Each structure stands twice: as C-alpha cells, then as structure tokens.
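Taking it in order: structure first as structure tokens, then the write-up.
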Amino acid sequence: MRLLFSTIAMVCAVLLFAPAQASAQFDLGKALGQLMSQGTHVEQDATPSPYDRLRENAPAKSKLLGTWQYKGAAIEYLGDNPLADVALEQVETFGLAELKKLGVVEGCCSITLRRNGLAVVATLDTIQEGRFTYDESDASVVISSEYGGNKYSSDGYVKIINDRLIVMVDARDVMSEVLRTSPELATNQSVATMKTLLDSFGDVYVSVMFER
C-alpha cells in the first residue's frame, strides 16, 4: 500500500485496509458480511441528525488556524444501522494496532492550518504541503494535495470538541484513492467487501484527532 498525500490520508488508509492486509488474523468478510443482507430502514424521529449537529456546531475558520499535534484516530459512522457500528468497531481496533506498529502514535506529527488555505503536515523527518477549503456554514472541508505527480482530494467535515480538532475524512474517498494508486488491491476479497460496505451504507468517516 503506497503512502497517500498526507499523514491524515495514511492514517485513514491504515485504519481501513489493515484488516485486508492480515486476513489470517482478521476476517473482514465475516465481520461485515452480515451487513449486506440487512435492511437499513430505521424509523425517523425529530432528533437532529449527526450532519445537523455538525452544521449547528461548525467552528469559525479562525479557530482552526495554527499548529495542532496528532492525538489519535477513530472510525465514525454517522448512519443509523447498528450492525455497521459493531463491524466497524472491529475494523477500528485492528487498524489502531497497526498504526501503533508503524509509529503513528500521539505526538508523532503536527499539522499547521494557515489563513490562506495552506495545510502543512510535519514529522521529525518530513514536511508536506496541501490545501484545505473550509465552509463555515456546514463544517464541510475539502483537503487536496499533490504527491508523486498525482493529485488527490478528499471531502469531509471538521469539528472542535474540548479544544480538540477532529478532521473527518470520507472513507469512500480513501478507498478510491488507495485503489487508484494500488490497483492490485481490487482483487483482495476483504477490500472488495469493505468497498461494498462503504458504497452501500455511506456515512463512514475516518476521524483524525489533533490537540494544541
């Protein structure tokens, strides 16, 4: 699996694809297969949706600016299928263990967001630049960059909770970019199962957390 355009994208890719790379230890098809045969209809009520809450609590752009240190990562599901929560929790647990093996741990890198839309990701050995476009009206963000001559872009959302910046990247974008740069993974059954899940249910995000 090739490194994507930033540490954020790498974290996202590892969380989603670690189970596929170690199927002997984790059977993604078994963990998620039951979801394919389940209905997704849930009675609606007046409770605000997760997207409503993101919009209502969208931080001002000025609050995003500055330098943030990597804290951790998680998989968030904003849909309403309880089975998806259970399966994705298993994916997350395995993926976080793989991140630790790769040295992606608290404090391993920082991200600096500038007023002009420049995003700079820095580790002890590397610095990489990208761009971000943030919409205060709904907390949506588009992250883009260029790496190895290829252009990358991911959609998502941003929120701030207890002085922690959380960048939520659409897992389907991560899937698309990984398959574009590593097409050999398309024949992996676990990857195919994950892609089916993401395409069918949507609303799956990889949340990368930062603190001042």
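In nm, give the distance between the simple-model label positions of Asp163 and Thr196, each being 7 Å from the Cα along the Cα-to-Cβ direction.
Distance between the two pseudo-spin positions: 4.7 nm.
Grab the other residues whose beta carbon is less than 14 angstrom from that of Lys71, score K and R as +1, D and E as -1, and report the net. It would help to have the intermediate numbers written out before the result.
Details: positive: Lys100, Lys159, Arg164, Arg212; negative: Glu106, Asp163, Glu211.
Its environment carries a net charge of +1.
Multiply the residue gap between Asp52 and Ser137 by 0.36 nm, knock off their C-alpha separation, and tell me the result in nm, one decimal place. Present the calculation step by step, with values, prior to reporting the outcome.
Numbers: separation 85, 0.36 × 85 = 30.60 nm, distance 1.10 nm.
Here the answer is 29.5 nm.
Please report, in debye to the nearest 20, how large the charge dipole of region 105-212 is about its Cα centre when each Lys and Arg carries +1 at its beta carbon and each Asp and Glu carries -1 there. List each step's numbers first, then the result.
Details: 10 positive and 16 negative charges, 30 e Å.
In total the dipole reaches around 140 debye.
For Cys108 and Val120, calculate 0.36 nm times their separation in residues minus their Cα-Cα distance, and state this gained length in nm to one decimal.
Details: separation 12, 0.36 × 12 = 4.32 nm, distance 1.42 nm.
So the extension gain works out to 2.9 nm.
Could you sort the peptides 89-98, 177-186 by per-residue average Cβ neighbour count (10 Å cutoff), highest mean leading?
Details: 89-98: 18.1, 177-186: 15.0.
Answer by packing, highest mean first, reads 89-98, 177-186.
Share of region 98-162's accessible area from carbon and sulfur, percent, 1.4 Å?
48
Relative contact order for region 121-212: what percent, with Cα pairs under 8 Å and sequence separation of 6 or more? Before the final figure, lay out the partial values.
Numbers: 116 pairs, mean separation 20.3, N = 92.
Value for region 121-212: 22 percent.
I need to check one value: relative contact order of region 147-190, counting alpha carbon pairs closer than 8 Å and at least 6 residues apart, in percent. Intermediate values should be presented prior to the final figure.
Working: 26 pairs, mean separation 12.3, N = 44.
For region 147-190, the relative contact order is 28 percent.
Using a ≥ b ≥ c from the Cα gyration tensor of region 64-132 (square roots of the eigenvalues), is it rounded, prolate or oblate, where a/c under 1.5 gives rounded and otherwise the larger of a/b and b/c decides, a/b for prolate?
The shape class here is oblate.
Asp155 to Ile127: extension gain in nm, 0.36 nm per residue of separation minus the Cα-Cα distance? Present the calculation step by step, with values, prior to reporting the outcome.
On the way: separation 28, 0.36 × 28 = 10.08 nm, distance 2.21 nm.
Stretched out fully, the Asp155 to Ile127 stretch lengthens by 7.9 nm.
For region 154-212, rounded, prolate or oblate, judged on the Cα gyration tensor with a ≥ b ≥ c (square roots of eigenvalues), a/c < 1.5 rounded, else prolate if a/b > b/c?
Working: a/c = 3.18, a/b = 2.26, b/c = 1.41.
Here region 154-212 falls in the prolate category.
The values are calculated or read from the model by the stated rules, or taken from the named source; none is laboratory data. Predicted, not measured: the structure shown is a model, and the values here were computed from it. Neighbour counts are summed over all protein chains in view; Cβ atoms, including those assigned to glycine, are modelled from backbone coordinates with ideal geometry. Areas reflect the complete protein model, heavy atoms only, side chains present, ligands, DNA and RNA absent. Shrake-Rupley method; radii C 1.70, N 1.55, O 1.52, S 1.80 Å.
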